[in-house]
Amino acid sequence: MIVKRFLPLLFVFSVMFTATESFANNPIQLLFRDATKAFYEKDFDRAIELYEKLNKIYPNFAPSYNYLGLAKKEKGAHNNEIIWQLNKAIELDPNYAQAYENLGKVYYNAGNFDEAEKNALKAVALDASLINSKLSLAWIYLIGKSEPRKAITYFQDVLNEQRVAYAYFGLGMAYMQDEQKFKVLEIITDLRSMDEDGLAGELEKMVRNNSYVPPRARNISSTSLKAPKRHVSTLVTNDKAAAATPVRLKSRMPSISPKQPDNNLSQNTYSGADRIKNLQQRRSTSNSTSSSNTSSSAQPKGSGY
């Protein structure tokens, strides 16, 4: 709050008190908090209603578009609509790391690994503490791009910060794909020490069969689309209130409506999970054919994936 110079001291205190009181009752702030509370309580219809209302009143607040995109994702909105909302958040705040992270996850699940990689890398560049983005990159390189050495780097980065069982599992698969079997055995030991016998068993099967087998059809673990909780208390101020939390806002934005769905990113796009399932089916078919043409004691060769 800017106070004109040379005003009487009593008047200055009066203005400060009024601004603080106004901020505490700021309808925009309260609307954002109510919307975000509804989001975390999984009342997505209510969250969408409030975020859309907020965007009409205050169209330049990036977190509102980020959360709105996530809420619409939970309600099964078309990928293009979700992507538009997240891109709008990034347009308003080009340094909004969590919006890039969420956008990368949407593209991963849509099977667009190039865009998923680009946005996840941007998120990490802006905020190196985003473990989920690093884990996303690890799976992108392992499953989407078949680049195990890059995947190994990111899995290790995640594990240096937090012991995540599924990250150990991915690291084991990356070692298997990179033909570092002795390291896979170390990962199996680590998983068993964490009582993750199921994941350890899957890796043991790969070693026993001398083949790299993609995981069961499932999306990236621990990276489901969720708004970062540290933004729950983000405050929005109007022209009459003092700015308590720095927020990057543009003075004016053109009125833009969400783009209509196009054929470049349909809701039925070949997703990462579908790609994994397809690879498994091909592996299963290949193993069955191989078994019928060889003796019962023969071991299948490496998949070459």
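General remarks:
- Extension gain (nm, one decimal) between Lys37 and Asp197, 0.36 nm per residue minus Cα-Cα: 53.9 nm
- Gyration tensor (alpha-carbon) shape descriptor, region 51-136, a/c threshold 1.5: oblate
- Members of Lys53/Lys88; Lys56/Lys118; Lys42/Lys118; Lys181/Lys205; Lys183/Lys205 lying beyond 20 Å, as alpha-carbon distances in this model show: Lys56/Lys118; Lys42/Lys118
- Cross-link partners of Lys37 among aspartates and glutamates (Cα-Cα below 14 Å; sequence separation of 8 or more within a chain): Asp45, Glu49
- Debye intensity ratio in log₁₀ form over the Cα atoms of region 30-90, taken at each q of 0.21 Å⁻¹: -0.70
A short reminder: the numbers here are calculations on the coordinates, not readings from a lab. Because the structure is a prediction, the values reported are computed rather than measured.
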